[in-house]
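The values are calculated or read from the model by the stated rules, or taken from the named source; none is laboratory data. The structure displayed is predicted, hence computed values, not measured ones. Glycine also receives a Cβ, built like all others from the backbone with ideal geometry; neighbour counts cover every protein chain displayed.
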Amino acid sequence: MPRPTSLSEGKTSNPQEVVTFTQRADGSSDWHAIGDPIMDGCSEGELWIMEEGVGEFRGTVRSDNGGGFASIKRDLPLPVDASGFEGVELLAKGDGRTYKIGLRQQHRF
């Protein structure tokens, strides 16, 4: 996918990687699965680190017991000053279904 090349209002077009999919030597990562079992649901999901920088989310969403979501999340290690940037770029490959991506500026879910 080509990177943006135009500048707008003094904003930079040079991308800065903030978050990626990596794991430690012990197999752990900073990504956490969150599903509807926190609301008595039956959905589940997990993140697989396929190679350095590539993550694959796999899950099953079930509406049993009023549930219906499976997700992953990761907090940024430090606050990021994004005032010099003009947008967020996410590289993703999907399966044709609709998914939701959320960004928050607070350290709570």
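Okay, here's what the table says:
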quantity	calculated
Of all residues in segment 80-109 being polar (S, T, N, Q) and within 24 Å of ILE34 (Cβ to Cβ), the one that is modelled with the highest pLDDT	THR98
Residue list for segment 59-68, restricted to those being surrounded by 11 or more Cβ atoms within 10 Å (Cβ to Cβ), at positive phi and not polar (S, T, N, Q)	GLY68
Answer residue from segment 42-58, given it is touching a Ser or Thr at 6+ places or on another chain (Cβ under 8 Å) and farther than 15 Å from ALA92 by Cβ and is surrounded by the most Cβ atoms within 10 Å (Cβ to Cβ) among those	SER43
Positions within segment 69-101 being of a type in the set (Lys, Arg) and surrounded by fewer than 10 Cβ atoms within 10 Å (Cβ to Cβ), in sequence order	LYS93, ARG97, LYS100
Complete set of residues in segment 26-37 that are more than 12 Å from ILE72 (Cα to Cα) and in contact with a Gly (Cβ under 9 Å, 6 or more places away or on another chain)	PRO37
Close pairs (8 angstrom Cβ cut-off, 6 or more residues apart or separate chains): closer than 24 Å to LEU78 by Cα and of a type in the set (A, V, I, L, M, F, W, C) in segment 4-23, at pLDDT 80 or above and surrounded by 13 or more Cβ atoms within 10 Å (Cβ to Cβ) anywhere	VAL19/ARG74; PHE21/SER29; PHE21/TRP31; PHE21/LEU47; PHE21/ILE49; PHE21/VAL54; PHE21/GLY55
